[in-house]
Amino acid sequence: MNKLVIKPYNVVDQTQLPEISVDQIPADGDPLEIAGEIFYVCEIVFKQQFDSPVIGVIPLVVRNPANVQNINEYIRCLSIAHRKVKFKNAKGNCDLQNCDEMIIT
């Protein structure tokens, strides 16, 4: 079976991630391991200027979520992945403004 190369990008911080090879284009909400981290497919974008599909992904763990420019887009993507969001700091669970990380469980 031929492998397909996809170009993932992180929709949280709008950075490109390393290309990966897959057997088939993943669906929204599917998990992907990219460079040793887990991401969830958020959107699939086919652009004319690219030979490979561009896949929008969100990370499993978001550091400093209060600094995420568009947290609503991240939350929308989370609903696609059907996951639960946990905000955590050294003391345990917290709210968005005073936590160190956000984890999808």
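For this structure, a couple of remarks:
- All positions within the range 85-101 that are closer than 23 Å to residue 32 by Cβ and at pLDDT below 75: 85, 86
- Close pairs (6 angstrom Cβ cut-off, 6 or more residues apart or separate chains): free of Cβ contacts under 8 Å to residues at least 24 places away in the same chain in the range 86-105, surrounded by fewer than 10 Cβ atoms within 10 Å (Cβ to Cβ) and polar (S, T, N, Q) anywhere: 86/105
The values are calculated or read from the model by the stated rules, or taken from the named source; none is laboratory data. Predicted model only: the values in this text are computed from it and were never measured. Neighbour counts run over all protein chains shown; Cβ positions are idealised from the backbone, glycine included.
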